[in-house]
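Notes for the one structure printed next.
The values are calculated or read from the model by the stated rules, or taken from the named source; none is laboratory data. Everything numeric here is computed off the predicted structure, so don't read it as measured data. Ideal geometry is used to build each Cβ from the backbone, glycine not excepted, and the neighbour counts take in all protein chains shown. Areas reflect the complete protein model, heavy atoms only, side chains present, ligands, DNA and RNA absent. Shrake-Rupley method; radii C 1.70, N 1.55, O 1.52, S 1.80 Å.
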Amino acid sequence: MTEKFILKTTELQKSFSGIIAAEDINISVKEGEIIGIIGANGAGKTVFVNMITGYLKPSSGKIEFMGRDITGIKPREATHIGVCRSFQVSQVFMTMTVKENLMIAMSLAKKSGLELLLPLDDEKLSKECDKILDLYKIKNQSNLIVSTLSQGMRKLLDISMAVVGNPNVLLLDEPTSGVSVEEKFGIMDIVISALKKSGTTVLFVEHDMEIVERYVDRVIAFYQGQVICDAPPSKALKDKKVIKYVLGS
Amino acid sequence: MYYGFGAYAVAMCQKYFGMTDIFLRFFIAVAAAGLLGFALGFILRRYREIFFAMLSLAFSMVLYGLLAKAEFLGSTDGMSISPSTILGYELGRFGLLYFICFFVICAIVFAQAYLRSSLGHLTTAISDNEIRVEYLGYSVEKAIHIKYVISACLAGGAGGLMAASLGQVDPDSMVLWSVSGELVFVTIMSGLGNILAPFMGAVLFEFIRTYAFELAPQAWQMIIGGTLLAIIFFSPGGLWSFFQKLNFLRKKNND
Amino acid sequence: MQFISTVFLDGLVYASYLFIVSLGLTITFGVMKILNVAHGSFYAWGAYLASISIIYLGDNEYNSFLYYFAIFLSAIIVGIFFGFIIEKFILRKMYGEDIHLIVLATFGIFWILEDLILIVFGVDPLMPYYPAMELGGIEVVGVYQGVYSLTLAALAAIVAFICWYFLNKTKWGKLLQSVIFDREVSVSMGINVKNVYLVTFIIGGMLGALGGAYVAPTISVSPGFAIDVVVMSFAVVVIGGMGSVPGALIGSLIVGMLRAFAVHQAPVLELFIIYAVMAIVLIIKPQGLFAPPKPRKI
């Protein structure tokens, strides 16, 4: 009870019609930590992220955020209290331009109620928007329709849309999957440095161990719905169980 | 359905309160349809695509079933509506026309403002990706509900004006699903996303229908159906996108 | 008691032909994800073609076999002819387009085919009642009922059985089910989805036409009579769950019985009751009573 945790799960469990997708998940996250979540496909990583952000309702167990019980809240409520996420498959507005995507994200994060009836192309908003686009190095593409962009660009946009509301906790679901090898470090450099600056707590799901080793403070490894290791990367990546079940050799 | 509901609201207010003022008529129609839309919106907002369409169809058929059998509302014969007035004076044919134009302009201005707003842009966002909108912290259902009420209001207002100008309301020409079909046809023909487009579309639709009816009374539906298919095939964005393309080509040629 | 059996028999007969028509609609929807408004045209064309051939054969008791032959042949011809043309030349070019656009296209086709009927068959109603006359009527649980109408129920049962057998016991049926579940996966497994679509659309059309052709001898076939049936079969399909075969069966029984009840008990509420039930079912179970499962998208 001495340390303050920003996010804490107790005995979290999820089953789909009898099949257990996650169980006994006890994780505590300190503010400002950057955590890598690893595990083979189907180990329960995305289920975990989905439960925290309210896309799935846990079958049992408890999720606490800043001391408050947030078990089973709706995605938009999670967003409101400061738990945001990006997606394994980029969830962006395909028929709009990059800038429109971000403008909508921003206006929803900033305004409420009747203010939403004001015109979208507000000058102040537009400038702020450009700043973020600049930060994530997608400003040159700002007037392109999203469906014409590369996967990497979409991923960046997806992440930038998740951060506009200045979340306290950000969950990134495989930020580099589908991104080319040349792009991936560039993206992670941009994302992590931006988030470190704002002191955001980050949990990201990742398959690429190079990325995990380079950026995270702590590794949580999943295997068959359970946490098999929770340690700093130097230790975790040498852990026998992790090597056997996650790294696969 | 809201179109018919607006029209019937006007008719009922005349019958029970003797209300014939054009402003009152318009606002009653808008308000009645808006309220109905608000109430049904709570149910409808959970549905998408084909299910949304089907449930709307069911609701409108329920309304049709009720109106067609309700004796006090004139059953299938409907009710007649006396000429509109303004501050006690009777409006002539042209007077009514001016007022209708006025209301149409109001509606256009309003709709334009809505489409420019964040909420208006949200519509495209929702059709692109609902999950993302939820994760941005806005309730998709709420946005749909608002939009639904707005369109119900517009349709209701149109119905009210139609009732005032026709001088007659009846279920077959106001509430039946084929009426909605016609309206959807106009929308498709004109293309989405621009306010002036439906106006052009509506004019053209009436034009085609009148002429088709004159030329081939037995085959006018066929002509309309053929036009619909042709539009869907050759210009899926509607006539508006067709004009845009023409404009684009012209510019290209000039350059 | 008499009232109950009247409602039950009427409802059964009505449900039977509604089932045949709706089955066509639901199969088309299940496989192709197209809500085919032009389905009513198949129904109307089936009815007209059957009527014309029956009237051509004339009232002659030696013809009874030929009547049925004509009915089935009409259904098959209409299904193949229009099904082929519509799928091959119109719908095939539209797969992947917005679903609403496709619905509207079928709406356009419906309008065209309706007027074609006027042009080809004229506006006068046709009454090919000979087959129904010939079989006469019998008394069932105290109610007089046309035998022909009862054979309709038998036909529906046969169609339902064939359909069930086909879907669950044959290789082709399994193939079709995989297409229903996930089109893309089926393509990658090497199923020729284009052909599956064409055949499905034709079979769906045939069923629609069969409903119309078989019911023709019991009604007066006149322009515009199909539109009620389309809307009614929409209600059936929605109540049962779109794309579900048992759903179509249950849905048509519900709608058939409700309508028979309303017609005899409260004619004022006929339309109202059916659509109120449809609305209630959708509110309680948005996907209908027997919704087919959907693949996970995220």
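Return the residues of segment B:40-54 that are of a type in the set (A, V, I, L, M) and either at pLDDT below 80 or not in a helix (DSSP H, G or I) (or both); say none if nothing qualifies. Listed by number, the residues that qualify are B:Ile43, B:Leu44, B:Ile50, B:Ala53, B:Met54. Of the residues examined, A:Gly152 is not one that is at pLDDT below 80, open to solvent by 10 Å² or more (accessible area, probe 1.4 Å) and within 18 Å of the chain's Cα centre (by Cα).
When you go through A:Ser147, A:Ser126 one by one, which is the residue that is open to solvent by 10 Å² or more (accessible area, probe 1.4 Å), assigned to a helix (DSSP H, G or I) and within 12 Å of another protein chain (Cβ to nearest Cβ)? Matching residue, one of A:Ser147, A:Ser126: A:Ser147. When we screen B:Leu196, B:Leu161, B:Leu239, B:Leu229 for residues that are open to solvent by less than 60 Å² (accessible area, probe 1.4 Å), modelled with pLDDT under 75 and of a type in the set (A, V, I, L, M, F, W, C), the only hit is B:Leu239. Taken as a whole, segment B:90-99 holds no residue that is of a type outside the set (Lys, Arg), open to solvent by 40 Å² or more (accessible area, probe 1.4 Å), at pLDDT below 75 and within 21 Å of B:Tyr3 (Cα to Cα). Of the strands (runs of 3 or more DSSP E) lying entirely inside segment A:2-48, those containing at least 2 residues that are more than 19 Å from A:Thr201 (Cα to Cα) and not hydrophobic (A, V, I, L, M, F, W, C) span A:7-16, A:19-29. Of the residues making up segment B:16-50, those that are of a type in the set (Phe, Trp, Tyr) and open to solvent by 20 Å² or more (accessible area, probe 1.4 Å) are B:Tyr16, B:Phe17, B:Phe23, B:Phe26, B:Phe27, B:Phe38, B:Phe42. Per the conditions (1) modelled with pLDDT under 80; (2) touching a Leu at 6+ places or on another chain (Cβ under 8 Å); (3) not acidic (Asp, Glu), the sole criterion not satisfied by C:Val193 is (2). Applying the criterion of being more than 19 Å from A:Lys62 (Cβ to Cβ) and of a type in the set (Val, Ile, Thr) to the residues of segment A:1-34, the residue that is most open to solvent (accessible area, probe 1.4 Å) is A:Thr2.
Here are C:Ser64, C:Ser53: which of them is among the small types (Gly, Ala, Ser), at pLDDT 80 or above, over 17 Å from C:Leu207 (Cβ atoms) and open to solvent by 10 Å² or more (accessible area, probe 1.4 Å)? Every option except C:Ser53 fails the conditions. Among strands (runs of 3 or more DSSP E) entirely within segment A:152-249, having at least 1 residues that are more than 23 Å from B:Glu130 (Cα to Cα) and touching a residue at least 60 places away in the same chain (Cβ under 8 Å) singles out A:201-205, A:218-223, A:226-231. Residues in segment C:94-108 that are more than 7 Å from chain B (Cβ to nearest Cβ) and outside any loop (DSSP other than H, G, I, E, B): C:Met94, C:His100, C:Ile102, C:Val103, C:Thr106.
Listed by position, the helices (runs of 4 or more DSSP H) inside segment B:87-183 whose residues that are away from chain A (no Cβ under 14 Å) number at least 1 are B:93-116, B:140-166, B:171-174.
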